[in-house]
Structures are given as structure tokens and as C-alpha cells.
Amino acid sequence: MSTATTTGSMSPIGLLDLPNETLLGILAQQNAHTIKDLSLVCKRLNTICGHWTFQTYYLCLRMDMDWSNRDRRDKRLTPLDTSETMEKWDREAVLARLTHLSEKATYVRELVIYNVSQKDMDLFPEDTMPELERVLKLCTQVTTVTLKISSDGTMPLFMWEWFTTLPLRVLNVGRLAPPEGQLQPLTKVTHFEGFFYDKTRPFLYLVKPQYIVLNYWQIYDRTPATSFFKPTREQFPDLKSIRIKLFFSCSYNDALFDFSEVPQAKININFELSAPYKVMYPAAWKRFKKTLPKVFVEDLTGFDVNRRDDKYINVSRPPQDVIDKGWTPQHADHLQGVEQEELEQAAVTAYARYRLTRELEF
């Protein structure tokens, strides 16, 4: 870092002689590694660097699933953060993490809360909830909240009430259901994401976002844990986009979607075939083609159906103003005939035989 000199004494001016406003401008041009190194120099730089270091904050209450070592290391912020305390609801460790968050609360703009456990299904134990509520209320400038919750449950009422006090623009509620009772709508949120099961549906109507992302993952039953979704312009007056990620493992006898009353919105649905092995893709694709028309009330001729690769299919439609300018679907892959299916099956069978031969050779 170059130094400057004063006109009179010609004595050098160091980095720490600069006012905070100037330091903030300098740090804004540095990369994350440089900011992290500077934060270790002294308390003053640590405080100033906090505006970037803790702009996105990961609050890990529990995290015991298939997270990599890197994920775990990056989210260890207190001396009590060990693999053992991460994998269960350790009250002392959780309180230490909440204390750390309270010290950085003014810096936080994006808060990601992890509560992931396959062993202990008690989502929010009562003995730590008062402290969690107190600390969250200190985070007054948060604009993005993501809840990484491993199991179904109900959002604590104080958390929703905290949302209503924030300049919140982006909200991801995961698999949680809303609290019971009359809830104040969130009028500032523009982007919403969550699992769209029946119990989580009320969130949508409390937010009325411009951009919606819905997850239909983990539908392993033959009967989906979902129900018919027909958004309307009255319900979502500012709606611009709906994006749905659907794990296609069920047989659908009734329609799931009707987007006819939101022509102003871009529709994008990503289907994933339920086929863990390549040799199973052709049969899964054949079943999908038969079932796909049942998923929509509307005629699929108005949608672009593109099988992007063996396992993933994208069904999309632009907003009405784009259609009015002459847009037409470029793909209708679900209409492929028997000949194409047989060619794919033959190719996959040949590939499987090749792999088996190679394995036997070794």
C-alpha cells in the first residue's frame, strides 16, 4: 500500500492515519482474502472490515448432514464450534454463536440460518428461543433471509414478527409452515422461495412477491403431498416470474398447475426424472412423456418443452408481451415418437454392456 505525505512536515501517512470513510472506500476495492487479512491487523481494521466480512452471516444452530469439511470450517466462528457441538443441539455452543452474531449484528445484510439434523427433530428448543429472539432483533438491516431447515415444522411467531420490522427483499423459508394466527403481510419482499406443500402455501399469499421459486423435491410417495396451484393476477398483482423445481417421481392423475391467469409472468419449470442410473433414463423419460400433459391444465403447445439432457427437462413460457412479439416454442421433445425412444434405449444398452465389459476386464 503506497503512502502519502503532508505538505508541511513531509511526514509519512500510514493506512491507519486515514479516516474511516477513506478506509471504507479502499476496502471496497479489495478482494475477500485481502479484507480477511486486514481484519486481523488491529481492532479498528477488524471493525471496519466487518462491513464486508459479516455482510453475509451463517448462523449454524445444527449442521450434521452431508456437509463438506469446507462448509463446516467456514461456519465455525466461536471456540465452541466443533464437529460434536455442530451435530446436536448443544445449548452452550448455540448461545456462544448467538453472542457472536449479536456482536456483528450491525454488519449483517444477508442471514443464513442452518438447523439441519437427522437425529434430533426438535427444531427450536424452548430454552434457547428467548436468546435467539433477542439477537435477531439486533439485526435491523437484514435484506435477505434464508432458512436451511432439514425437517418439517412451524416457524416461531417471533421470527415472522422480526421479518416485519426489516427492509426484507428476499425470503427463503425452506420447508417451514407459517405460524398460526393473524400474520402481518410482508409488503417489501420481492423474491420468495420455499417448498410448496399445502402447509407452506399461506406464505405465498402473505408475501405476494414478484419472483417465486417453488421446490417440489422429495415427493417419494405415489400420491404427491401437493395440491393444485393456480395463481391469479389478483393474488399476485406484481408477479413477474415463477420458477419451479420438481423431482418427478410420482404418477399424477390430476393437474398440478394452471398459469392461464398470470400471462404477465414468465414460467419456468425444471423437471428431474426419477432415475438414479443412466440405464433407467429411457424408461423414466417414456413415463414422463405420458404423464406431463396431466400436470398442466393448459395445452402444452403454448410451452417450450426441452429435454436439456438425459435426466432434466425444462418446460417454459415467456410473458405475454414477448409472445405478442412473435415468440413460438422451439422444442416439443415430449412428442418424440417410438423410433426415437428405441434409438435411445439401444444406445443406453450398448453403453451398459461396454461398462460391464470394462469392469470384467479389470
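The values are calculated or read from the model by the stated rules, or taken from the named source; none is laboratory data. Here the structure is a predicted model, which means the values were calculated and not measured. Cβ sites come from the backbone with ideal geometry, for glycine too, and all protein chains shown count toward neighbours.
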Which of the residues spanning the range 286-303 are over 14 Å from residue 269 (Cβ atoms) and of a type outside the set (D, E, K, R)? 301
Residues in the range 124-143: is at least one assigned by TED's automatic domain parsing to the domain that holds residue 175, in contact with a strand residue (DSSP E or B) (Cβ under 6 Å, 6 or more places away or on another chain), among the basic types (Lys, Arg) and within 24 Å of residue 190 (Cβ to Cβ)? no
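Do you know which residues across the range 311-362 are assigned to a loop (DSSP other than H, G, I, E, B) and either touching a Leu at 6+ places or on another chain (Cβ under 8 Å) or at pLDDT below 75 (or both)?
So the first thing to find is which residues in the range 311-362 are assigned to a loop (DSSP other than H, G, I, E, B), and the list is 311, 318-319, 325-331, 336-337, 362.
311, 362 - these are the residues of the range 311-362 that are assigned to a loop (DSSP other than H, G, I, E, B) and either touching a Leu at 6+ places or on another chain (Cβ under 8 Å) or at pLDDT below 75 (or both).
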Do we find that residue 219 is modelled with pLDDT under 90, crowded, with 16+ Cβ neighbours inside 10 Å and not small (Gly, Ala, Ser) in this structure? yes
Among the listed residues 240, 208, identify the single one that is at positive phi, modelled with pLDDT of 85 or more and within 19 Å of the chain's Cα centre (by Cα). 208
With the requirement that a residue be surrounded by fewer than 14 Cβ atoms within 10 Å (Cβ to Cβ) and either at pLDDT below 90 or farther than 9 Å from residue 98 by Cβ (or both), what does the range 123-137 give you? 125, 126, 127, 129, 130
Taking the stated definitions as given, is residue 107 of a type outside the set (Lys, Arg), closer than 20 Å to residue 176 by Cβ and under 24 Å from the mean Cα position of the chain (by Cα)? no
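Pick from 40, 23: which is outside the structural domain of residue 176 (by TED's automatic domain parsing), over 29 Å from residue 169 (Cα atoms) and modelled with pLDDT under 70? Before the answer, list the steps.
Working: 23 fails: over 29 Å from residue 169 (Cα atoms).
Sole residue among the options that is outside the structural domain of residue 176 (by TED's automatic domain parsing), over 29 Å from residue 169 (Cα atoms) and modelled with pLDDT under 70: 40.
With respect to residue 154, determine if the residue is under 18 Å from residue 88 (Cβ atoms), of a type in the set (Val, Ile, Thr) and surrounded by fewer than 19 Cβ atoms within 10 Å (Cβ to Cβ).
Numbers: under 18 Å from residue 88 (Cβ atoms): no; of a type in the set (Val, Ile, Thr): yes; surrounded by fewer than 19 Cβ atoms within 10 Å (Cβ to Cβ): yes.
Criteria not met by residue 154.
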Residues of the range 292-309 that turn out to be exposed (fewer than 15 other Cβ atoms within 10 Å of the Cβ) and among the polar types (S, T, N, Q), as a count: 1
Given (1) part of a helix (DSSP H, G or I); (2) at pLDDT 95 or above, index of the condition residue 104 fails: (2)
Condition (residue is surrounded by 16 or more Cβ atoms within 10 Å (Cβ to Cβ), in contact with a strand residue (DSSP E or B) (Cβ under 7 Å, 6 or more places away or on another chain), at pLDDT below 90 and within 22 Å of residue 332 (Cβ to Cβ)) applied to the range 262-271: is it met by at least one residue? no
Matching residues in the range 163-177 - criterion: being buried (at least 19 other Cβ atoms within 10 Å of the Cβ) and touching a helix residue (DSSP H, G or I) at 6+ places or on another chain (Cβ under 8 Å): 171, 173, 175, 176, 177
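Hey, any hits in the range 277-296 for a residue that's in a loop (DSSP other than H, G, I, E, B), over 18 Å from residue 256 (Cβ atoms) and in contact (Cβ under 8 Å) with a residue 40 or more places away in the chain? Lay out the reasoning, then the answer.
So in the range 277-296, the residues in a loop (DSSP other than H, G, I, E, B) come out as 277.
Now restrict to residues that are over 18 Å from residue 256 (Cβ atoms): 277.
Applying the additional criterion that residues be in contact (Cβ under 8 Å) with a residue 40 or more places away in the chain yields none.
No, there is no match, as no residue in the range 277-296 is in a loop (DSSP other than H, G, I, E, B), over 18 Å from residue 256 (Cβ atoms) and in contact (Cβ under 8 Å) with a residue 40 or more places away in the chain.
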Cβ pairs under 6 Å, 6+ apart, first in the range 222-242 and of a type in the set (A, V, I, L, M, F, W, C), second in a loop (DSSP other than H, G, I, E, B) and at pLDDT 95 or above: 239/262; 239/265; 242/265
